[in-house]
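Visitor: Below are the structure tokens for one structure; questions will follow.
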Amino acid sequence: MIVFALLIGIVAGLRAMTAPAAIAWAASLGWIDISQTPLAFMGYRWTPWILSVLAIGELISDQLPSTPSRKVPVQFGTRIVTGGLSGAAIGAAGGSLVLGLVAGIIGAVIGTYGGATVRARLAASFGRDLPAALIEDVIAVGGALLFVSAVS
């Protein structure tokens with residue numbers, strides 16, 4: 001479970017809202033059971049919908065040239081929080097909320113810096129950012145789905 005908490009944290013480092021949206025859907029659909037934990041709200045009826053709207057908004061706004069770097073304090077802090085939350089949910093489902101929290105935070109740091117580096121290199125090889133951003137979107141969404149389905 002801790003490996004999946006780390007991996008979902010990496011997803012949060014790539015796209016901050018994708019990880020908690022995936023966790024909320026997994027909890028809502030009964031793929032992970034966090035109903036008896038402090039994170040039960042992630043499985044409430046409206047949580048996955050709200051987080052999905054935020055995730056879609058982030059996917060759109062990430063394509064805009066005015067979007068700040070993921071490494072600025074607010075963006076980076078958001079990724080740490082959502083990575084920790086998502087990792088904690090996976091950890092809680094396996095009986096280890098705190099280890100999941102720590103793994104999710106570590107994953108978010110890895111995803112933030114690693115994702116920025118890989119995207120910059122891809123953008124340089126394409127000569128523009130959009131293809132690199134779209135590849136990162138697919139990896140984040142696909143990874144989130146893969147990781148939450150593997151936990152279930």
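Visitor: Let me spell it out: the conditions are (1) open to solvent by 80 Å² or more (accessible area, probe 1.4 Å); (2) farther than 23 Å from LEU6 by Cβ; (3) of a type in the set (D, E, K, R), and ASP33 meets all of them except one. Which number is the exception?
Guide: Of everything listed in (1) open to solvent by 80 Å² or more (accessible area, probe 1.4 Å); (2) farther than 23 Å from LEU6 by Cβ; (3) of a type in the set (D, E, K, R), ASP33 misses just condition (2).
Yes/no matrix, rows are residues, columns are (1) at positive phi; (2) touching a residue at least 12 places away in the same chain (Cβ under 8 Å); (3) open to solvent by 40 Å² or more (accessible area, probe 1.4 Å):
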position: ALA123; (1), (2), (3): no, no, no
position: GLY127; (1), (2), (3): yes, no, yes
position: ALA133; (1), (2), (3): no, yes, no
position: VAL141; (1), (2), (3): no, yes, yes
position: LEU146; (1), (2), (3): no, no, yes
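Visitor: Pairs only if they're at least six apart or on different chains, beta carbon under 9 angstrom, first in the stretch 50-76 and of a type in the set (Val, Ile, Thr), second open to solvent by 40 Å² or more (accessible area, probe 1.4 Å) and part of a helix (DSSP H, G or I); list them, first residue then second.
Guide: Close Cβ pairs (under 9 Å, with a partner that is open to solvent by 40 Å² or more (accessible area, probe 1.4 Å) and part of a helix (DSSP H, G or I)) amount to THR67/SER61; THR67/GLN75.
Visitor: Looking at the stretch 46-72, which of its residues are exposed (fewer than 11 other Cβ atoms within 10 Å of the Cβ) and at pLDDT 95 or above?
Guide: TRP46
Visitor: Being open to solvent by less than 50 Å² (accessible area, probe 1.4 Å), under 12 Å from the mean Cα position of the chain (by Cα) and within 20 Å of ASP137 (Cα to Cα) narrows it down to one of ARG119, ARG15, so name that one.
Guide: ARG15
The values are calculated or read from the model by the stated rules, or taken from the named source; none is laboratory data. Values in this document were obtained by computation on a predicted structure and should not be read as measured data. Glycine gets a Cβ as well: all are built from the backbone with ideal geometry, and neighbour counts include every protein chain shown. Accessible surface areas use protein heavy atoms only, side chains included; no ligands, DNA or RNA. Shrake-Rupley method; radii C 1.70, N 1.55, O 1.52, S 1.80 Å.
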